[in-house]
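Reading through the structure tokens given below for one structure.
Read the figures in this text as sums done on the coordinates, not as results from a lab. Since this is a predicted model, take the numbers as computed values, not measurements. Cβ placement follows ideal geometry from the backbone for every residue including glycine, while neighbour counts extend to all protein chains displayed.
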Amino acid sequence: MTESHAMQPLEFKRLSEEAMLERSAAVRAAWARRRSVREFATDPVPLEVLRNCIAAAGTAPSGANKQPWTFCLVTDPELKHRIRLAAEEEERVNYERRMSAQWKSDLAPLGTDANKPHIDDAPALIIVFRRPYERDASGQKLPNYYVTESVGIAVGMLIAALHESGLVTLPHTPSPMDFLGQILHRPAHERAYLLLPVGYPAPGAQIPVISRKKWPELCVEFA
Ligand SMILES: Cc1cc2nc3c(=O)[nH]c(=O)nc-3n(C[C@H](O)[C@H](O)[C@H](O)COP(=O)(O)O)c2cc1C
């Protein structure tokens, strides 16, 4: 016999084509202005705004609705500084030994190096962890599905929510990122996925000139 599960009606209102066009064009223009920022003002940001953005990211779809993520919100300056020092240690090894010549040449236009002052300067860090599995009360492993895809979608939504809320961020990967789980006392099976400094840009902040794919490289249409 098949089990029955609770269902509810979907709340959905169709928009006119005109409204859809207007909204999609507005989203396109607004998101085109999103940029990764590496120079942050030290001004604090309202905690409730950060919490709203994290809650928005938490509405992301996920494999079998397992929601295989944990977000850590760090505003404590001492903790941020510990994270900066550990990140810079890994990044020094990355730049000196782990990165290929090709990788370093791809990064050159961005002007990045092993120094990460933005981790101190940004008033908040959001560290996203992925959870490959859960454990039930008896310690039995329970699988999560499409963990990387699910967490990636949630992070994309987080970045969009921060941008829409008037903040800037930087997806930062000072890999390997095991130090983040250790500093933040996360369970051993949670793996750090991304570090996002969040705040306002420093006055006069500079960003690299980049280009973005356009049709037909961006999208191949089959009508
Ligand atoms: C998964 C991922 C990891 C990234 N890691 C770093 C990083 O460690 N350091 C950094 O300065 N930028 C990092 N970036 C930012 C990219 O360099 C940036 O997104 C790209 O140059 C495009 O610029 P834009 O975000 O301003 O559009 C990362 C971006 C992604 C998506």
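If you place +1 on the Cβ of every Lys and Arg and -1 on the Cβ of every Asp and Glu, how big does the dipole about the Cα centre of the chain come out, in debye to the nearest 20?
Numbers: 27 positive and 27 negative charges, 62 e Å.
Result for the chain is approximately 300 debye, rounded to the nearest 20.
Say each of Ala29 and Arg82 gets a label point 7 Å from the Cα, pointing the same way as Cα to Cβ; how far apart are those two points in nm?
Here the answer is 4.6 nm between the modelled labels.
Quick check on the chain: helices-only [θ] at 222 nm, where DSSP H runs of length 4 and up contribute -39,500 (n - 2.57) each and the sum goes over total residues. Nearest 500, please. If you can, show how the numbers build up before the last one.
Working: 7 runs with 79 residues, N = 223.
Per the formula, -11000 deg cm²/dmol.
Does the stretch 147-203 classify as rounded, prolate or oblate by the C-alpha gyration tensor (a ≥ b ≥ c root eigenvalues; a/c under 1.5 gives rounded; else a/b over b/c gives prolate, otherwise oblate)?
Details: a/c = 2.61, a/b = 1.54, b/c = 1.70.
Taking the square roots of the gyration eigenvalues as a ≥ b ≥ c, the stretch 147-203 is oblate.
Hey, rough spin-label estimate for His185 and Leu10, points 7 angstrom out along Cα→Cβ, what's it come to in nanometres?
Using points 7 Å along Cα→Cβ, the separation is 4.4 nm.
Listing Leu73, Leu158, Leu170 from the residue with the fewest other Cβ atoms within 10 Å to the one with the most, what is the order? Before the final figure, lay out each step's value.
Details: Leu73 14, Leu158 27, Leu170 22.
Lowest count first: Leu73, Leu170, Leu158.
DSSP H helices in the chain with Cα extent of 18 Å or more along the helix axis and mean Kyte-Doolittle hydropathy at least -1.0?
Numbers: long enough: 17-32 (22 Å, -0.03); 77-93 (24 Å, -1.16); 147-164 (25 Å, 1.33).
Once both thresholds are applied, what remains is 17-32, 147-164.
Determine which residues of the stretch 87-116 fall in the zone a paramagnetic label at Gln206 would reach in this model, i.e. backbone nitrogen under 17 Å from the point 7 Å along Cα→Cβ.
Correct set: 107-116.
Specify whether the C-alpha gyration tensor of the stretch 1-68 places it in the rounded, prolate or oblate class, a ≥ b ≥ c being the square roots of the eigenvalues: rounded for a/c under 1.5, otherwise prolate if a/b is larger than b/c and oblate if not. Kindly include the intermediate steps, with their values, before the conclusion.
Working: a/c = 2.74, a/b = 1.38, b/c = 1.98.
In terms of gyration-tensor shape, oblate.
Could you compute the longest span of the chain free of chymotrypsin sites (Phe, Trp or Tyr not before Pro) located in DSSP loops and having at most 15 other Cβ atoms within 10 Å, not counting the site residues? Walk me through the numbers on the way to the answer.
Details: sites that count: Phe12, Tyr146, Phe222.
It runs 13-145.
Contour minus end-to-end for Leu21 and Arg97, with contour as 0.36 nm per residue of separation and end-to-end as the Cα-Cα distance?
On the way: separation 76, 0.36 × 76 = 27.36 nm, distance 4.92 nm.
This chain segment gains 22.4 nm when fully extended.
Rank these for me by crowding, Met177, Met20, Met7, going from fewest to most other beta carbons within 10 Å.
Ascending number of Cβ neighbours within 10 Å: Met7, Met20, Met177.
Please say if the chain is rounded, prolate or oblate, where rounded means a/c under 1.5 for a ≥ b ≥ c the square roots of the C-alpha gyration tensor eigenvalues, and otherwise the choice is prolate for a/b larger than b/c and oblate otherwise?
On the way: a/c = 1.60, a/b = 1.14, b/c = 1.41.
Oblate is the answer for the chain, as a/c is 1.5 or above yet b/c matches or exceeds a/b.
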